[in-house]
Structures are given as C-alpha cells and as structure tokens.
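**Q** Below: one structure in structure tokens.
Please treat every number below as a calculation from the coordinates, not as lab data. Please read all numbers here as calculations on a predicted model, not as lab measurements. Glycine gets a Cβ as well: all are built from the backbone with ideal geometry, and neighbour counts include every protein chain shown.
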Amino acid sequence: MIWLFTRMSGGQSLMIGKKKSLKADIIIGIGDLSKMTGVSARQLRYWEEKGYIQAVSGKKNATRKYKFEMSFKVQAIKRYLDEGYTLAKSVEQAEKLRKKFEIWKKFLVGKVQEVEITDTQHNYGVIELGCVDEEQKKKIYGVVDENGCHFELRDYAEADN
DNA sequence: GTTCTAACA
DNA sequence: TGTTAGAA
C-alpha cells in the first residue's frame, strides 16, 4: 500500500487530496518496500531492529511505513550484501556511498555554471565547470560526445558572462 | 489480504 | 535468514 502525505507547516503530515501540498512524501508499506528492493520483510524488520533502517515514526504495534527514499538505502545495502559484504559492512558502505553522493551534489550545485546541449538526438552536451585562468580567460569544460566524456580547457569570451 | 511478534528450523 | 503460527 502506498500513502501520499504532504508536509504541513506545523510539521505534521496529512493525507494528500486536501491540496495545500508543497512537498509530498510518498510513504510505502513493508510489502512494497520488500517487492521493490528484493529484500524480504523479515530482513527489513531485522535491519530496523538493528537500527540500520528507519520506519517513519509510529506506534509500536502499528504497521511499518517507510519514506520512499528509504528504498534507495535498502537497495544500496542489498547491493553490497550481494557483493559479499556482511550486513554491518554493507550498511557502512551504503552510508559511505550516500556521503560521497552528497559531495557530488555539493560540487554539482556549487561549480556547474552552465550545461549546453549540443546534440539533442544523442544527448550530448558541454558542462561549464568554471574559470581556471582569469588572466587568459580560460574555463574548464566537461564534454560529453560520441567519444564518451572528457575535460577541455577552452577560451571564453567576456560576452559569455 | 497484509502485517505484526515470537519462536523454531 | 526463512518459515511458521496465531492475532490484529
């Protein structure tokens, strides 16, 4: 079963459908989480008991509900588990992966200035990664083309800014 | 029909 | 971890 909740200003959640929704949280049950990740409900309960994953705050005897985002964490843990890591190590690796992704995100948001689509058909483009030489007006670009991807140092005109 | 806990394989 | 049981 899937529930849709919307975050209200007071911090409490209400069922969607009463509009006023800004951010909608998708909440899933243990059965769905299990089906979408391939991790058994038994394992999910055990992982939660160990503190590796969290259900959304609820009463003790109520059915578990998870944020949709939790499926990514579960998938990551399963991935490492399948690679042969122990559960504890898998959780560790999954957490490391999450932290690495946060760094990626910060870099992307902070440094990528422009993305130019050069080929709509093949989804090629050029990513502007910023100025490396103010004097000689050079910028570094990440280029995605038929050869894959590579970096390029290019001159840029003042007009580009 | 689904999920819960507890217990045992 | 899987599977079962009985209850909610």
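**Q** What does the charge add up to near A:Lys138, with Lys and Arg as +1, Asp and Glu as -1, over the other residues with Cβ less than 9 Å from its Cβ?
**A** -1
**Q** Which of the three applies to the range A:59-138, rounded, prolate or oblate, going by the alpha-carbon gyration tensor with a ≥ b ≥ c and a/c under 1.5 meaning rounded?
**A** On the way: a/c = 2.62, a/b = 2.35, b/c = 1.12.
In terms of gyration-tensor shape, prolate.
**Q** In what sequence do A:Trp104, A:Trp47 fall when counting other Cβ within 10 Å, fewest first?
**A** Exposure proxy ranking, most exposed first: A:Trp104, A:Trp47.
**Q** As a footprinting exposure proxy, order A:Tyr85, A:Tyr156 by other Cβ within 10 Å, with the fewest listed first.
**A** Numbers: A:Tyr85 16, A:Tyr156 13.
If I rank by nearby Cβ atoms, fewest first, I get A:Tyr156, A:Tyr85.
**Q** Among A:Leu44, A:Leu153, rank each residue by its count of other Cβ atoms within 10 Å, from fewest to most, as a rough exposure measure.
**A** Result, fewest neighbours first: A:Leu153, A:Leu44.
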